[in-house]
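Asker: Here it is: the structure, laid out below.
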Amino acid sequence: MPQSYAQILLHLVFATKGREPFLADPAIRRELYRYLCGIGRRMRCPILAAGGTADHVHALAGLCRTVTVADLLEELKGGSSKWIKEKGTALWTFRWQTGYAAFSVSRSQVDAVRRYIDSQEEHHRRVTFEAEFVELLRLHQVPYDERTLWD
């Protein structure tokens, strides 16, 4: 076949270092989500939805067939970290955790994942990030070691 085709959708999750509430300001979060979308566009990996709370981000992304998951996350986290630090002296110590999660998403589940991402603030009034993250790992059958899960 003369062309290469791919339809790869990912639910990405990454948190601030120590889950510090650096993103408490809703205006900063909205700007951050737009910024992440810009990085995605530049990499030809569209961000279809982005949301989160004061200490973590969820994104629904299309993965370009020539970009690795690790490269996408490196650009999203590295670029946004630099951008956030420029937002004021209170954010100069901002850092993302080293790791991340990336879960495959079926095309039939895009709307459900988008709703889940859009409802993060409401969701976290009932469920902690830690409980949510462990449940996502469990649902996606990702093995993990509780001793090394958090930094």
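The values are calculated or read from the model by the stated rules, or taken from the named source; none is laboratory data. Quick caveat: nothing in here was measured; it's all calculated off a predicted structure. Note that each Cβ is placed from the backbone with ideal geometry, even for glycine, and that neighbours are counted across all protein chains shown. Only protein heavy atoms, including side chains, enter the accessible area calculation; ligands, DNA and RNA are left aside. Shrake-Rupley method; radii C 1.70, N 1.55, O 1.52, S 1.80 Å.
Asker: Filtering segment 27-64 down to residues that are hydrophobic (A, V, I, L, M, F, W, C), part of a strand (DSSP E or B) and over 21 Å from residue 6 (Cα atoms), which residue is farthest from the chain's Cα centre (by Cα)? Explain how you work it out, then say what you get.
Answerer: As a first pass, look at segment 27-64 and keep what is hydrophobic (A, V, I, L, M, F, W, C): 27-28, 32, 36-37, 39, 43, 45, 47-50, 54, 57, 59-61, 63-64.
From what is left, the residues that are part of a strand (DSSP E or B) are 47-50, 57, 59-61.
Still in the running and over 21 Å from residue 6 (Cα atoms): 50, 57.
Values: 50: 7, 57: 4 Å.
Among them, the one singled out is 50.
Asker: Sticking with this one: Scanning for something open to solvent by 80 Å² or more (accessible area, probe 1.4 Å) and among the hydroxyl-bearing types (Ser, Thr, Tyr), does segment 27-36 turn up at least one residue?
Answerer: Initially, segment 27-36 is screened for residues open to solvent by 80 Å² or more (accessible area, probe 1.4 Å), giving 30, 34-35.
If we keep only those that are among the hydroxyl-bearing types (Ser, Thr, Tyr) as well, we get 35.
Yes, the conditions are met somewhere in segment 27-36.
Asker: Restricting attention to segment 53-65, and to residues there that are of a type outside the set (A, V, I, L, M, F, W, C) and farther than 19 Å from residue 111 by Cβ, which single residue is surrounded by the fewest Cβ atoms within 10 Å (Cβ to Cβ)?
Answerer: Filtering segment 53-65 for residues of a type outside the set (A, V, I, L, M, F, W, C) gives 53, 55-56, 58, 62, 65.
Now restrict to residues that are farther than 19 Å from residue 111 by Cβ: 53, 55-56, 65.
Details: 53: 22, 55: 18, 56: 21, 65: 11.
Checking each candidate, the answer is 65.
Asker: Please enumerate the residues belonging to segment 123-140 that are acidic (Asp, Glu) and open to solvent by 30 Å² or more (accessible area, probe 1.4 Å).
Answerer: Taking segment 123-140 first, the residues acidic (Asp, Glu) are 130, 132, 135.
If the condition is that a residue be acidic (Asp, Glu) and open to solvent by 30 Å² or more (accessible area, probe 1.4 Å), then 130, 135 are the ones that fit.
Asker: Among the numbered criteria (1) open to solvent by less than 40 Å² (accessible area, probe 1.4 Å); (2) in contact (Cβ under 8 Å) with a residue 60 or more places away in the chain; (3) in contact with a Phe, Trp or Tyr (Cβ under 8 Å, 6 or more places away or on another chain); (4) not hydrophobic (A, V, I, L, M, F, W, C), which one does residue 120 miss?
Answerer: Among (1) open to solvent by less than 40 Å² (accessible area, probe 1.4 Å); (2) in contact (Cβ under 8 Å) with a residue 60 or more places away in the chain; (3) in contact with a Phe, Trp or Tyr (Cβ under 8 Å, 6 or more places away or on another chain); (4) not hydrophobic (A, V, I, L, M, F, W, C), the lone unmet condition for residue 120 is (3).
Asker: Being open to solvent by 90 Å² or more (accessible area, probe 1.4 Å) and polar (S, T, N, Q) is the filter; apply it to segment 82-103 and report the residue that is farthest from residue 10 (Cα to Cα).
Answerer: Initial filter on segment 82-103 (open to solvent by 90 Å² or more (accessible area, probe 1.4 Å)): 82, 86, 89, 92-93, 95, 98, 100.
This time we only want the ones that are polar (S, T, N, Q), so: 89, 93, 98.
Numbers: 89: 33, 93: 29, 98: 19 Å.
Looking at residues that are open to solvent by 90 Å² or more (accessible area, probe 1.4 Å) and polar (S, T, N, Q), I get 89.
Asker: Could I ask something else about it? Among the residues of segment 1-16, count how many are at pLDDT below 95 and either open to solvent by less than 80 Å² (accessible area, probe 1.4 Å) or in a helix (DSSP H, G or I) (or both).
Answerer: Initially, segment 1-16 is screened for residues at pLDDT below 95, giving 1-7.
From the residues that got through so far, the ones that are either open to solvent by less than 80 Å² (accessible area, probe 1.4 Å) or in a helix (DSSP H, G or I) (or both) too are 4, 6.
Adding up the residues that qualify gives 2.
Asker: Of everything in segment 66-81, what is under 13 Å from residue 10 (Cβ atoms) and either crowded, with 18+ Cβ neighbours inside 10 Å or modelled with pLDDT under 95 (or both)? Give them in sequence order.
Answerer: Hits for segment 66-81 are 72, 73, 76.
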